[in-house]
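K.L.:
Provided herewith is a single structure, encoded as structure tokens, for subsequent inquiry.
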Amino acid sequence: MDRPIYRQEGSTLIIQPYINHLQRVKIFCLIGILFLFLALFLWFRFSDFWQLPTSIGLCLSLLSLGYYFYNIQMKVVLDKGNSEIYQLIFNRYRINKISFSSGTIVSRSLNGRFFYAISPKSNAYGNASQISPFLTKESKRLQYEQEVLPLIEAFLKK
């Protein structure tokens, strides 16, 4: 993990599981913009063969921007003041609200990729807020379990 996926602001702990993907998204968006410039050049210069670079550029740019706004900007907020856990999307919309007393940390897998999530105790297999990136490598998982997970558990118990 290059960047810390959590930060503490007063009595609030904010977790961003996919913040480390930001560099890749910037690269894909830049490549998409370069393809759009190539399409513009081909259209002005030759008036032909501009459709393929345009479609490649739009696909790369729009998909990377969508991934940025939905996954990278997604935050799980553990608010001690209100004693609730919620997921913040687009820095505005709160979903999956859970109180501290009814929340538990569960381990899950999606398509063979392991991750941790916070879900209600009453329905541990229902809606959950992902609090870790996909931990496919053993070293990454051990680092997360030793550094980040104890911090979250201690924050929930206080």
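The values are calculated or read from the model by the stated rules, or taken from the named source; none is laboratory data. The model shown is predicted, which means the values in this text are computed figures rather than measured ones. Note: ideal-geometry Cβ built from the backbone for every residue, glycine included; neighbour counts use all protein chains shown.
K.L.:
Listed residues 75, 26, 97; which is among the charged types (D, E, K, R) and closer than 23 Å to residue 150 by Cβ?
P.N.:
The conditions single out 75.
K.L.:
In segment 117-158, how many are assigned to a helix (DSSP H, G or I), in contact (Cβ under 8 Å) with a residue 40 or more places away in the chain and among the basic types (Lys, Arg)?
P.N.:
So the count comes out to 1.
K.L.:
Another one. Which pairs do you get when a residue that is surrounded by 13 or more Cβ atoms within 10 Å (Cβ to Cβ), found in segment 4-18, comes within reach of a residue that is aromatic (Phe, Trp, Tyr), reach meaning Cβ atoms under 6 angstrom, with the pair 6+ apart or on two chains?
P.N.:
Matching pairs, first to second residue: 13/155; 15/6.
K.L.:
Just to be sure I understand, how many residues within segment 11-40 are of a type in the set (Phe, Trp, Tyr) and under 13 Å from the mean Cα position of the chain (by Cα)? Walk me through it before giving the result.
P.N.:
Quick first cut of segment 11-40, residues of a type in the set (Phe, Trp, Tyr) only: 18, 28, 35, 37.
Subsequent filtering for residues that are under 13 Å from the mean Cα position of the chain (by Cα) retains 18.
Of the residues in that region, 1 qualify.
K.L.:
Does segment 37-52 contain at least one residue that is modelled with pLDDT of 85 or more and under 23 Å from residue 4 (Cα atoms)?
P.N.:
Taking every residue of segment 37-52 in turn, none turns out to be modelled with pLDDT of 85 or more and under 23 Å from residue 4 (Cα atoms).
K.L.:
Right, something else. State yes or no: is residue 86 surrounded by fewer than 11 Cβ atoms within 10 Å (Cβ to Cβ) and hydroxyl-bearing (Ser, Thr, Tyr)? Reasoning before the result, please.
P.N.:
On the way: surrounded by fewer than 11 Cβ atoms within 10 Å (Cβ to Cβ): no; hydroxyl-bearing (Ser, Thr, Tyr): yes.
No.
K.L.:
Given the options 99, 119, name the one that is in the same structural domain as residue 150 (by TED's automatic domain parsing), exposed (fewer than 14 other Cβ atoms within 10 Å of the Cβ), within 28 Å of residue 141 (Cα to Cα) and not β-branched (Val, Ile, Thr). Let's see the steps before the verdict.
P.N.:
Values: 119 fails: exposed (fewer than 14 other Cβ atoms within 10 Å of the Cβ).
Exactly one of 99, 119 is in the same structural domain as residue 150 (by TED's automatic domain parsing), exposed (fewer than 14 other Cβ atoms within 10 Å of the Cβ), within 28 Å of residue 141 (Cα to Cα) and not β-branched (Val, Ile, Thr), namely 99.
K.L.:
Restricting attention to segment 120-131, does a residue exist that is in contact with a Leu (Cβ under 8 Å, 6 or more places away or on another chain) and either under 19 Å from residue 16 (Cα atoms) or of a type in the set (Val, Ile, Thr) (or both)?
P.N.:
no
Yes or no, residue by residue, for (1) small (Gly, Ala, Ser); (2) in contact with a strand residue (DSSP E or B) (Cβ under 8 Å, 6 or more places away or on another chain):
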residue: 15; (1), (2): no, yes
residue: 21; (1), (2): no, no
residue: 34; (1), (2): no, no
residue: 47; (1), (2): yes, no
residue: 55; (1), (2): yes, no
residue: 66; (1), (2): yes, no
residue: 72; (1), (2): no, no
residue: 96; (1), (2): no, yes
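K.L.:
Do you know which residues across segment 68-119 are small (Gly, Ala, Ser) and within 13 Å of the chain's Cα centre (by Cα)?
P.N.:
Listed by number, the list holds a single entry, 117.
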